[in-house]
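The values are calculated or read from the model by the stated rules, or taken from the named source; none is laboratory data. Fair warning: this is a prediction, and the values are worked out from it, not measured in the lab. In this analysis, Cβ positions are derived from the backbone assuming ideal geometry, glycine residues included, and neighbour counts consider all displayed protein chains.
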There are 2 protein chains.
Amino acid sequence: MITSTSNLQVKQLIQLQKKAKERNTQDVFVVEGLKMALEVPDSQLVQTYVSERFYEKNPAFFDESRPVTVLSDRVFESVSDTRTPQGVLCVVRQYHYEIEDLLGNIPCEAWDAHTPQSKIGGIIRRGANAREPLIIALENLQDPGNLGTIVRTAEGAGITGVLLSRDCVDLYNPKVIRSTMGAIYRMPFSYADDFRQALRTLKCKGVRLFAAHLEGSIPYDEETYCGPSGFLIGNESQGLTGGTAAIADARIRIPMCGQVESLNAAVAASVLMYEANRQRRNAGGKKFRKEGIVS
Amino acid sequence: MITSTSNLQVKQLIQLQKKAKERNTQDVFVVEGLKMALEVPDSQLVQTYVSERFYEKNPAFFDESRPVTVLSDRVFESVSDTRTPQGVLCVVRQYHYEIEDLLGNIPCEAWDAHTPQSKIGGIIRRGANAREPLIIALENLQDPGNLGTIVRTAEGAGITGVLLSRDCVDLYNPKVIRSTMGAIYRMPFSYADDFRQALRTLKCKGVRLFAAHLEGSIPYDEETYCGPSGFLIGNESQGLTGGTAAIADARIRIPMCGQVESLNAAVAASVLMYEANRQRRNAGGKKFRKEGIVS
């Protein structure tokens with residue numbers, strides 16, 4: 001058991017929690033809490049740390065053949081990013097996706113097995129609309145909670161990949177990780193050094209890009225997202241830059257009542273992603289109904 | 001100018017920022033920042049406080065006949081709830097709505113004047129579907145950011161009122177206020193001592209209640225929300241209590257792909273509110289098209 005905060009491993013953990021540069025140099029990130037720890041894919045797990053109290057109270061956790069290091073409660077608190085630590089954290093290998101990986105081509109058993117929408121009238125659908133590319137592209141998003149929430153909703157809505165401009169908040173930031181509620185392990189994502197070039201690449205691959213814009217002329221629900229589609233979401237206060245919005249095929253807006261000037265970025269992204277999800281489910285349903293498979 | 005933190009007004013301000021009890025006793029709350037200060041309705045404003053620096057840099061702000069007290073920068077920082085204060089905060093009178101006020105009967109000029117959806121093909125619609133009751137009812141919601149974001153989205157989506165169980169986080173909490181982005185001034189809301197009784201009252205008034213439930217049998221977009229409707233949203237980790245869900249007319253779920261177990265509460269609420277908004281806009285549009293007013 002490690003009982004000193006001057007221990008080298010402990011010092012490194014604190015650096016990993018605080019500094020993106022340190023995470024990137026070591027090519028790892030840190031996840032905290034029981035749910036996040038249990039969901040780490042074996043292939044990505046580097047090391048698990050638990051507090052003394054957690055170790056005593058959760059013997060079942062240690063049935064598995066995972067390497068575990070025990071820290072005294074006081075030391076664990078010093079490395080934790082939360083106010084009331086659950087007593088377990090893992091060091092996890094970073095992911096490295098290419099832009100092609102955002103298009104839904106990755107075999108994803110977990111996704112297929114758990115997708116309710118893949119079952120219509122008892123018939124399991126695979127591929128087809130359900131895995132048509134559906135991308136969310138984020139420019140200069142700054143709030144960690146917003147990014148984590150978007151990644152979490154993205155998995156729920158069936159997004160195939162998240163593209164981020166280099167100046168977005170770090171997805172491996174502990175606050176982002178926490179808000180993803182585990183979606184970080186499953187959602188392909190990629191930071192683009194040249195964001196606009198990456199968007200043009202997506203267009204070349206047939207993805208139709210929709211810019212969420214306060215001055216968009218088309219209500220978001222009047223466009224169709226059943227084909228390969230991507231949503232562009234901008235910075236929390238400035239929105240999308242003009243140059244980026246100009247690359248989009250269409251500018252859409254979310255109609256707003258009252259005196260509301262804009263929606264929270266994660267809310268706007270979620271409304272759009274679930275509109276695409278709704279259309280794709282309905283298109284799938286209609287298709288099957290048309291073919292007489294489902295009454 | 002007040003230069004001491006032991007000044008009585010300063011001490012009171014700090015109490016108002018920190019304690020719900022103090023806010024309720026004095027029947028006021030505190031808003032911070034230029035946007036929030038500018039939007040305070042005259043009838044609700046009690047007192048404005050600015051920092052010395054703000055006072056010097058924003059002479060235009062003081063053209064209005066608002067009573068202003070200047071605090072030294074150091075004193076202002078001690079009363080501010082934010083890390084980088086903008087230098088202006090207001091004490092504002094609390095709102096007192098009855099449950100009937102949540103049904104969209106309040107004359108709301110601001111709402112009508114600013115509602116894009118009230119204009120279809122150049123024809124201004126008032127009342128009708130646009131102001132059919134549309135309520136969001138929150139049970140034991142705990143996260144200040146979630147509550148503020150829900151109130152903000154609610155105004156945008158055309159919700160007529162927000163019902164809260166007594167054990168929800170305080171809407172006058174500074175973090176909630178900040179996340180509302182001003183919607184606090186315009187969205188009718190009411191805390192119910194007996195939440196379930198309040199829900200039954202809404203049902204008696206013809207409001208159809210939909211419980212957002214992970215085990216709901218109906219995908220949310222297969223129900224109709226054009227009539228008087230209400231959405232029930234539960235606590236962030238536990239969801240709705242069984243007794244509350246049992247009061248609802250239907251249990252709906254938001255379909256989720258992948259291994260996502262649930263969505264963030266504010267995201268789930270927003271997806272539902274905007275589905276109702278979408279249906280009402282489309283129903284309005286079709287109605288007018290049918291009548292031959294809009295081609």
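Of all residues in the stretch B:46-84, which are under 22 Å from B:LYS11 (Cβ atoms), part of a loop (DSSP other than H, G, I, E, B), in contact with a strand residue (DSSP E or B) (Cβ under 7 Å, 6 or more places away or on another chain) and of a type outside the set (S, T, N, Q)?
The answer is B:PRO67, B:ASP81.
Across the stretch B:175-200, what is the number of residues that are touching a residue at least 12 places away in the same chain (Cβ under 8 Å) and not in a helix (DSSP H, G or I)?
10
Suppose we filter B:ARG200, B:ARG196, B:ARG166 for residues that are more than 14 Å from chain A (Cβ to nearest Cβ), in contact with an Asp or Glu (Cβ under 7 Å, 6 or more places away or on another chain) and surrounded by fewer than 19 Cβ atoms within 10 Å (Cβ to Cβ); which single one remains?
Of B:ARG200, B:ARG196, B:ARG166, the one residue that is more than 14 Å from chain A (Cβ to nearest Cβ), in contact with an Asp or Glu (Cβ under 7 Å, 6 or more places away or on another chain) and surrounded by fewer than 19 Cβ atoms within 10 Å (Cβ to Cβ) is B:ARG166.
Identify the residue in the stretch A:213-225 that is more than 13 Å from every other protein chain (Cβ to nearest Cβ) and within 22 Å of A:ASN264 (Cβ to Cβ) and, among all such residues, is modelled with the highest pLDDT.
By that ranking, first place goes to A:TYR225.
For residues that are of a type in the set (A, V, I, L, M, F, W, C) and within 14 Å of chain A (Cβ to nearest Cβ), scanning just the stretch B:31-80, find the one that is nearest to B:GLY182 (Cα to Cα).
Going through the qualifying residues, I end up with B:MET36.
Can you name the condition, by its number, that A:SER43 falls short on among (1) part of a helix (DSSP H, G or I); (2) of a type in the set (Ser, Thr, Tyr); (3) at pLDDT 95 or above?
Against the list (1) part of a helix (DSSP H, G or I); (2) of a type in the set (Ser, Thr, Tyr); (3) at pLDDT 95 or above, A:SER43 comes up short only on (3).
Restricting to the stretch A:158-204, give me the number of residues that are touching a Phe, Trp or Tyr at 6+ places or on another chain (Cβ under 6 Å) and among the β-branched types (Val, Ile, Thr).
Looking only at that region, the number is 1.
Checking B:THR153 against (1) in a loop (DSSP other than H, G, I, E, B); (2) buried (at least 23 other Cβ atoms within 10 Å of the Cβ); (3) among the hydroxyl-bearing types (Ser, Thr, Tyr): exactly one of these is not met. Which one?
(1)
Please go through the stretch A:17-72 and pick out each residue that is of a type in the set (Val, Ile, Thr) and either touching a His at 6+ places or on another chain (Cβ under 6 Å) or touching a residue at least 24 places away in the same chain (Cβ under 8 Å) (or both).
A:VAL28, A:VAL30, A:VAL31, A:VAL40, A:VAL46, A:THR48, A:VAL50, A:THR69, A:VAL70 - these are the residues of the stretch A:17-72 that are of a type in the set (Val, Ile, Thr) and either touching a His at 6+ places or on another chain (Cβ under 6 Å) or touching a residue at least 24 places away in the same chain (Cβ under 8 Å) (or both).
Starting from residues that are more than 7 Å from every other protein chain (Cβ to nearest Cβ) and out of contact with any Phe, Trp or Tyr (no Cβ under 6 Å at 6 or more places or on another chain), keep the ones in the stretch B:254-274 and report whichever is modelled with the lowest pLDDT.
If we take residues in the stretch B:254-274 being more than 7 Å from every other protein chain (Cβ to nearest Cβ) and out of contact with any Phe, Trp or Tyr (no Cβ under 6 Å at 6 or more places or on another chain), then B:GLU261 is modelled with the lowest pLDDT.
For every residue, the table says whether it meets (1) in a loop (DSSP other than H, G, I, E, B); (2) over 17 Å from the mean Cα position of the chain (by Cα); (3) farther than 23 Å from B:PRO133 by Cβ.
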residue: B:LEU232; (1), (2), (3): no, no, no
residue: B:THR244; (1), (2), (3): no, yes, no
residue: B:PRO255; (1), (2), (3): yes, yes, yes
residue: B:GLN259; (1), (2), (3): yes, yes, yes
residue: B:SER262; (1), (2), (3): yes, yes, yes
residue: B:ALA268; (1), (2), (3): no, no, no
residue: B:ASN277; (1), (2), (3): no, no, no
residue: B:ARG280; (1), (2), (3): no, yes, no
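Looking at the stretch A:122-131, is at least one residue at pLDDT below 95, among the hydrophobic types (A, V, I, L, M, F, W, C) and farther than 25 Å from B:LEU263 by Cβ?
yes
Every residue in the stretch A:203-212 that is away from chain B (no Cβ under 14 Å) and crowded, with 19+ Cβ neighbours inside 10 Å, please.
Within the stretch A:203-212, A:VAL207, A:LEU209, A:PHE210, A:ALA211 qualify.
Considering only residues that are over 25 Å from A:PRO59 (Cβ atoms) and among the charged types (D, E, K, R), look in the stretch A:1-49 and name the one that is surrounded by the most Cβ atoms within 10 Å (Cβ to Cβ).
The qualifying residue surrounded by the most Cβ atoms within 10 Å (Cβ to Cβ) is A:ARG23.
Looking at (1) away from chain A (no Cβ under 14 Å); (2) touching a residue at least 40 places away in the same chain (Cβ under 8 Å); (3) not charged (D, E, K, R), which is the only condition B:ALA246 fails?
Among (1) away from chain A (no Cβ under 14 Å); (2) touching a residue at least 40 places away in the same chain (Cβ under 8 Å); (3) not charged (D, E, K, R), the lone unmet condition for B:ALA246 is (2).
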